[in-house]
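*Asks:* Take this structure first; my questions come after.
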Amino acid sequence: MAKKETAGRRKTLKPEFSNELHKADFSFPVIGIGASAGGLEAMEIFLKNVPSRCGMAFVIVQHLDPTHKDLLPELLQRTTEMPVVQVSDRMAVEPDHVYVIPPNKDLSMLHGILHLLDPAEPRGLRLPIDYFFRSLAYDMQQQSIGVILSGMGSDGRLGLSAIKEKGGGVFIQDPSTAKFDGMPRSAIDTGLADVIAPAEELPDKIIAYLKHVHSVIKHESPLEDKALSALEKVVILLRAHTGQDFSLYKKSTIYRRIERRMGIHQIERIADYVRFLQANPHETLLLFKELLIGVTSFFRDPEMWEVLKTRVIPSLLVSRPSGGILRAWIAGCSTGEEAYSLAIIFRETLEAVKPIGTFKLQIFATDLDKDAIDKARTGFFPLNITADVSQERLRRFFESEDNGFRISREIRETVVFAPQNVIMDPPFIKLDILVCRNLLIYMEQDLQKKLIPLFHYSLNPGGFLFLGSAESIGSFSNLFRPLDSKTRLFCRLQPNGRSEPLDLPFAFVRALPAFPDVAAEQSSSKSSSLNLQTLVDRFLLQHYAPAAVLTNDKGDIIYICGHTGKYIEPAAGKANWNIFAMAREGLRFELDLLFRNALRQKTAVTRKGLTLGMNGDTQTVNLTIEPLEAPDALRGLILIVFKDDDNVSGEILPDTSFSDAAGNRLTSLHQELSMARDEILSIREEMETSQEELKSTNEEMLSANEELQSTNEELTTSKEEMQSMNEELQTVNHELQSKVRDLSQVNNDMKNLLNSTDIATLFLDDSLNIRRFTTRTTSIIKLIASDVGRPITDIVTDLHYPDLAEDAREVIQTLIFCEKQVPATNGRWFNVKIMPYRTQENRIIGLVITFSDITEAKNLEENLRENENRFRTAIESSNIIVAVFDREFRFTWLCDPRHEMFRPDFTGRRDDELPDELHFKELREVNREVFAKGNTFCRDLTVQLANGCSRFYELVSKPLKNGNGETIGVIMVASDNTCRKEAERAREECEESFRFLFDAIPEGAIFQDPEGKILRTNHEAERILGYSRDEMQGKTAMELRWKTVRQDGSDFPFEEHPAFIALGTAQPVRGVVMGVFHPGNNTCRWISINALPRFRDGMSAPYQVYVTFHEITSPKALPSAFKKKEKPL
């Protein structure tokens, strides 16, 4: 039974690291893409069909020239909206990103972080795709996807096996659509591909696959009854079509494999998949292959093989000092790597230990997968086994061939491959080593408990059992003891007491429930016919078939059919199972002769009438020897058939008297026999001589063969390097072709750009000869196409620029740009800029001269200059100062006619670079406040002149804004207010003097407006009237409720007040006597009032009235009634 059953899946990296430790906790899948020659086009097509928000990360591993600058990220970025980046060390993987391996690096992945490593060999056979795929499988487990695109060789093959082992997906580009189909075909040959499709279809298939797989992972739970029933139906269909029973394997393992097939076909329910299997028998075979996927490699888990080499095999050699044959069984050998690894280890151990006796190793390697057995028999492996096999072992035990390595003959002859089912077929016995790695983990516990005792039965006492890193002997510690705690090597023990009955393989199989809807009729009919045929065949073999022996090409017996005791018998002495040693007398010579003829002619040969003596009797036998070519399992073996000839009597005749004639005839026969013997001796001597010569020739041929082998190895190495270089050159070629297309496009774009602009451009070489020019240049310099190569000095130009050639030479010598504004005919102006022509290698190989038409700019400049002069004249005549500041508060324009605030040399300086004077500090504050807030700011500014005088300015600062409303500077306007300030000061002094005199006069004084509101009063008026200045300010007499009386004691109406009379008549009123009651004590004060109207220039109506009054002691006539009223209340 093979490890391939339910996928004999093995660990790809070191076992001491657990899956739990190394599994990246990712919520998104990582897609590894491997490509080589022709891969650029395939990757562009692939990425073009990937949605930009797909939720996946892509890591591209391309065979690249280690010395060539990689252009791959730049080229791939054009085909996808996802970011394409070149991997740097310790770069974290993110979804919706594309990562590209850099040249001359190996790429690995750990916990979602990409790591770069230096390759072991700078050139030659390197396998970066295998290297990354293995780490991807170990890190991402089921979320790893491997994609193989166009390329040569077989890189990626082993990496895909690792991905498949961890439950990931494998997607291959259809070889018919690939530019180079080597890598896709090599990947397909492994039988691991989930999907084979053109590059443009792979993204959609990957997305569909992941949707189904993720839904399965999220809802993973114990199998329900319906699912279990459907699963058993699948097992029945498999048994009906393949003859193999998977009922004893773990349901979860089988179910995962079924789910993978369901995901590929996008089938949601397992019941639907059962119907799909019934309708598509080919899918049953594909599912069978899915369950048989075997992942193996040479020397898997090197530490354990080292223990096998240093401890196990030497102990077996020591136990047999006289030598002998060691027997080993590799159960589940897959494609043979483990079997050949054991043979190599045994050979190395013999050379290291050098035992006294002669030892041989006979390895029986079995597997359920016949295709894997056929492949193992060829002994041919791809180039990428160099990742697991050292160069020393490759040199000693392999022969290099095209596209791979073939195991050497001495190792190949050690191993016998055969198909076998470990749970149904009889086991091999009398073994010294039994290797069964990573097979038990896929079986139910009950089956494991039966296989471990079976392995114990198959091993000799002291034999060794070699299990996988995740397997153990369980509770059978009485049958095996571990060699040490780290390895999975166990030594067979002899059990004490009575042992339990042993279950042989045919007892392992248990009955499955019958489902009438699943191939019931086919099963019953096939079963009945098969049993009848078996019984008849068995009867014919026992009673009518001739005796036969099956041997290899050396005559070693492999299988015996029928009763062969009268033809062969064991030889005396040490046991020898060779047919020539066991043949009875009378057959030995003819058997050897016929055997060699059959091998040489490769056809069946027969010799009849051979006389065989036994127990005093004779028997005539017909002997047939036939090399077998079919079926494949028997190819290369020899079948020897013994058949008695019943027509000839074999009895011995009684003694009689011979006649003379008979005596003469007997004498003649003796003479012929003697002559034949002499002739044979002569021929033998000649043959010995020829043999000596052949030995000498053989030694020479061996020597020549060694030389040829060495030469072949060198040629193989050179071929590998050339193949690797060819792939790198193919990749570089594709990149260069893409770059040439880009450069052609850029050249066209640049040509159209130069021709579409108004900038004339002229290219000169370092001798000032014309190399290229744009169409616009011909309107300035009289150029035609044939002028290319002529000196620029020979060409007529409209420019008034006689120093053009001289300036060009100076630029070449100094490498300093030259820029001038040059006039031309018809009033045109051009800005001529001469620059060195610098290559990417920083070499100067000529000049570039540009001619920008600035005629309009020149005209505008002239108009601007005239406007500025007018503006300056206006400013100077208006006696104001204007300054403009940029973002950095630097003077960009300045006009101060008298240079009292700013000097002319302030232009270009920052305001914080001005002298440390008070008005400059205030100016800085204003500028920053205006720039920060964007508002207009007004302020008075005092400037202290050098002569000690002061000038007063009114400062107005406004923000300067561009078309977008963004503040780009500040403009300041300062107006000279010195005269106004002096006038205001004089007016204030006059006002102060007036106030002093107004308050100092001994009479009460009041100013009133035309409405009678009091505008101003003095202290005397406050005293006489009894109101404060604030109480009277802005109010009329009516509002103050003054109580006034005439001299006769009657009330004095307000409208007859002298102030109103003076306002109404515009004439002065004088000497009016009035009594005013003081509000504080209700006493009456008699005053004499004068009212004087005030007029503005040119106006006839007064705008104010000036009222003065003074207190009089008593009026001339005062009625008695009023006097009574005057007394205090």
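The values are calculated or read from the model by the stated rules, or taken from the named source; none is laboratory data. Since this is a predicted model, take the numbers as computed values, not measurements. A quick note on method: Cβ atoms are made from the backbone with ideal geometry, for glycine too, and the neighbour counts reach across all protein chains shown.
*Asks:* Answer yes or no as to whether T814 is exposed (fewer than 13 other Cβ atoms within 10 Å of the Cβ) and β-branched (V, I, T).
*Replies:* So T814 fits the description; yes.
*Asks:* Working only within the range 1022-1048, note down all residues that are modelled with pLDDT of 85 or more and among the hydrophobic types (A, V, I, L, M, F, W, C).
*Replies:* M1032, V1045
*Asks:* Do we find that S52 is in contact with a strand residue (DSSP E or B) (Cβ under 7 Å, 6 or more places away or on another chain) and either outside any loop (DSSP other than H, G, I, E, B) or not charged (D, E, K, R) (or both) in this structure?
*Replies:* no
*Asks:* Follow-up question, since we're still on this one. Specify the residue that is modelled with the highest pLDDT; the eligible residues are those in the range 470-482 that are buried (at least 20 other Cβ atoms within 10 Å of the Cβ) and out of contact with any Cys (no Cβ under 9 Å at 6 or more places or on another chain).
*Replies:* Among them, the one singled out is L479.
*Asks:* If you don't mind, there's one more thing I want to ask. So how many residues does the range 91-111 have that are of a type in the set (G, A, S) and over 10 Å from the mean Cα position of the chain (by Cα)?
*Replies:* Matching residues across the range 91-111 total 1.
*Asks:* Please enumerate the residues belonging to the range 850-865 that are under 13 Å from K833 (Cβ atoms) and either of a type in the set (V, I, T) or not in a strand (DSSP E or B) (or both).
*Replies:* Listed by number, the residues that qualify are T850, I854.
*Asks:* Just one of E259, E337, E268, E283 is under 29 Å from I188 (Cβ atoms) and touching a Leu at 6+ places or on another chain (Cβ under 6 Å); which is it?
*Replies:* Matching residue, one of E259, E337, E268, E283: E283.
*Asks:* What residue, among those in the range 273-293 that are modelled with pLDDT of 75 or more and among the β-branched types (V, I, T), is nearest to L231 (Cα to Cα)?
*Replies:* V274
*Asks:* Can you run down the residue pairs with Cβ atoms below 6 Å, 6 or more apart or on separate chains, where the first is in the range 71-83 and under 13 Å from M56 (Cα atoms) and the partner is crowded, with 19+ Cβ neighbours inside 10 Å?
*Replies:* M82/V98
*Asks:* Still on this model: Hey, among I816, I812, which residue is part of a helix (DSSP H, G or I), out of contact with any Lys or Arg (no Cβ under 6 Å at 6 or more places or on another chain) and outside the structural domain of L72 (by TED's automatic domain parsing)?
*Replies:* Result of the check over I816, I812: I812.
*Asks:* So which of R90, R126 ends up being surrounded by fewer than 18 Cβ atoms within 10 Å (Cβ to Cβ), basic (K, R) and not assigned by TED's automatic domain parsing to the domain that holds M262?
*Replies:* Of R90, R126, the one residue that is surrounded by fewer than 18 Cβ atoms within 10 Å (Cβ to Cβ), basic (K, R) and not assigned by TED's automatic domain parsing to the domain that holds M262 is R90.
*Asks:* Looking at A470, is it of a type in the set (G, A, S) and within 19 Å of R327 (Cα to Cα)?
*Replies:* no
*Asks:* Among (1) in contact with a Pro (Cβ under 7 Å, 6 or more places away or on another chain); (2) of a type outside the set (K, R); (3) surrounded by fewer than 20 Cβ atoms within 10 Å (Cβ to Cβ), there is one condition V416 misses while meeting the rest; what is its number?
*Replies:* Going through the list (1) in contact with a Pro (Cβ under 7 Å, 6 or more places away or on another chain); (2) of a type outside the set (K, R); (3) surrounded by fewer than 20 Cβ atoms within 10 Å (Cβ to Cβ), V416 breaks only (1).
*Asks:* Yes or no: the range 708-723 includes at least one residue that is at pLDDT 70 or above and within 30 Å of L75 (Cβ to Cβ).
*Replies:* Yes, there is a match, as at least one residue in the range 708-723 is at pLDDT 70 or above and within 30 Å of L75 (Cβ to Cβ).
*Asks:* Sticking with this one: Out of everything in the range 136-178 that is among the basic types (K, R) and touching a helix residue (DSSP H, G or I) at 6+ places or on another chain (Cβ under 6 Å), what residue ends up being farthest from T253 (Cα to Cα)?
*Replies:* Top of the filtered list is R157.
*Asks:* Just wondering, is there one or more residues in the range 939-949 that are in contact with a Leu (Cβ under 6 Å, 6 or more places away or on another chain), surrounded by 15 or more Cβ atoms within 10 Å (Cβ to Cβ) and modelled with pLDDT of 80 or more?
*Replies:* No, because not a single residue in the range 939-949 is in contact with a Leu (Cβ under 6 Å, 6 or more places away or on another chain), surrounded by 15 or more Cβ atoms within 10 Å (Cβ to Cβ) and modelled with pLDDT of 80 or more.
So that you can scan it fast, the table gives a plain yes or no per residue for (1) under 53 Å from the mean Cα position of the chain (by Cα); (2) closer than 24 Å to S756 by Cβ; (3) not aromatic (F, W, Y):
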{"position": "R809", "(1), (2), (3)": "yes, no, yes"}
{"position": "F817", "(1), (2), (3)": "yes, no, no"}
{"position": "T825", "(1), (2), (3)": "no, no, yes"}
{"position": "N831", "(1), (2), (3)": "yes, yes, yes"}
{"position": "R843", "(1), (2), (3)": "yes, no, yes"}
{"position": "G846", "(1), (2), (3)": "yes, yes, yes"}
{"position": "F871", "(1), (2), (3)": "no, no, no"}
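*Asks:* So, one more: From (1) among the hydrophobic types (A, V, I, L, M, F, W, C); (2) at pLDDT 90 or above; (3) under 18 Å from F364 (Cβ atoms), pick out the condition that doesn't hold for I429.
*Replies:* (2)
*Asks:* Please list, ordered by first then second residue, the pairs with beta carbon atoms under 9 Å, 6 or more apart or interchain, first in the range 764-778 and more than 12 Å from A808 (Cβ to Cβ), second at pLDDT below 85 and part of a helix (DSSP H, G or I).
*Replies:* Correct list of pairs: T774/K751; T774/L754; T774/N755; T775/L754; T775/N755; R776/L754; R776/N755.
*Asks:* Here's a follow-up. Out of everything in the range 317-336 that is buried (at least 21 other Cβ atoms within 10 Å of the Cβ) and out of contact with any helix residue (DSSP H, G or I) (no Cβ under 8 Å at 6 or more places or on another chain), what residue ends up being modelled with the lowest pLDDT?
*Replies:* Ranking the candidates gives G332 first.
*Asks:* Could I ask something else about it? Quick one: would you say G934 is in the same structural domain as E888 (by TED's automatic domain parsing), loosely packed, with under 11 Cβ neighbours inside 10 Å and at pLDDT 75 or above?
*Replies:* no
*Asks:* In the range 338-371, which residue that is β-branched (V, I, T) and part of a helix (DSSP H, G or I) is farthest from the chain's Cα centre (by Cα)?
*Replies:* Residue satisfying both the conditions and the ranking: V353.
*Asks:* F132 - would you say it is among the aromatic types (F, W, Y), closer than 18 Å to T386 by Cα and outside the structural domain of G404 (by TED's automatic domain parsing)?
*Replies:* Answer is yes for this residue.
*Asks:* So L107 ticks every box in (1) surrounded by fewer than 23 Cβ atoms within 10 Å (Cβ to Cβ); (2) at pLDDT 85 or above but one. Which box is left unticked?
*Replies:* Here L107 meets the rest and fails (1).
*Asks:* Against the conditions (1) modelled with pLDDT of 90 or more; (2) over 38 Å from the mean Cα position of the chain (by Cα), where does R406 fall short? Just the number, please.
*Replies:* The single condition R406 does not satisfy is (2).
*Asks:* Go through (1) surrounded by 15 or more Cβ atoms within 10 Å (Cβ to Cβ); (2) over 24 Å from N384 (Cβ atoms); (3) of a type outside the set (D, E, K, R); (4) at pLDDT 85 or above for M304 and report which single condition fails.
*Replies:* Among (1) surrounded by 15 or more Cβ atoms within 10 Å (Cβ to Cβ); (2) over 24 Å from N384 (Cβ atoms); (3) of a type outside the set (D, E, K, R); (4) at pLDDT 85 or above, M304 violates only (2).
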